[in-house]
Amino acid sequence: MLKPSKTILLVMALIFALSTGAVQAAPGEPLKKGNVPPGKWWRHPRTVKNLNLSQTEMDRLDAAFDTRARKFIELKHAIELAQFDLDQMMLQDPMDESALMAQFNKLETARANLSKERFQYYVQVRKLLGPERFQKIKTFRKRMHKQDFRLRFGSTQGARKWPF
């Protein structure tokens, strides 16, 4: 059984894949620009076929993504602003430690809010797809991660054991 921290990393990796479209292309099949909307991995023809997605399911996935996409952007922006403010405060002399801690807490809250929103999306996708098709996505993501590692580093032998 995975430790809670590794489980969280696994969930976050899958959420990232789902929200960024990292699972759009099948191995050896590059996406052509304009072929699939960014982040909408369920619109890729091979994915539609492999998961046996109906038009209704694709429409529901579109709706789930579209309702959350703006929120993801806003939450990412809040993180960037909080990080920028923290960086600026670190440069000040004298340094105000209590203000720094308050800003750090603001940054961590912004990160937690994004994580929470991504997880809610992840749960929504799981409900739409059901357990079997959702497991296919997880398996595909794992395979793509290994393939990506091989492309970057040449081999997985002796590699650090990744949490996902």
Among the residues of segment 60-90 satisfying the criterion of being surrounded by 14 or more Cβ atoms within 10 Å (Cβ to Cβ) and of a type in the set (Phe, Trp, Tyr), which is modelled with the lowest pLDDT? 65
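For segment 49-79, name all the residues that are of a type in the set (Asp, Glu) and under 19 Å from the mean Cα position of the chain (by Cα). Don't jump to the end; show me each part of the working.
Within segment 49-79, the subset of a type in the set (Asp, Glu) is 57, 59, 62, 66, 74.
Result: 62, 66, 74.
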Criterion (modelled with pLDDT under 95, surrounded by 12 or more Cβ atoms within 10 Å (Cβ to Cβ) and out of contact with any helix residue (DSSP H, G or I) (no Cβ under 9 Å at 6 or more places or on another chain)) met by exactly one of 134, 149, 164: 149
In segment 92-115, is there at least one residue being under 22 Å from residue 137 (Cα atoms), out of contact with any strand residue (DSSP E or B) (no Cβ under 6 Å at 6 or more places or on another chain) and of a type outside the set (A, V, I, L, M)? yes
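The values are calculated or read from the model by the stated rules, or taken from the named source; none is laboratory data. Model, not experiment: these values are computed from the prediction. Glycine also receives a Cβ, built like all others from the backbone with ideal geometry; neighbour counts cover every protein chain displayed.
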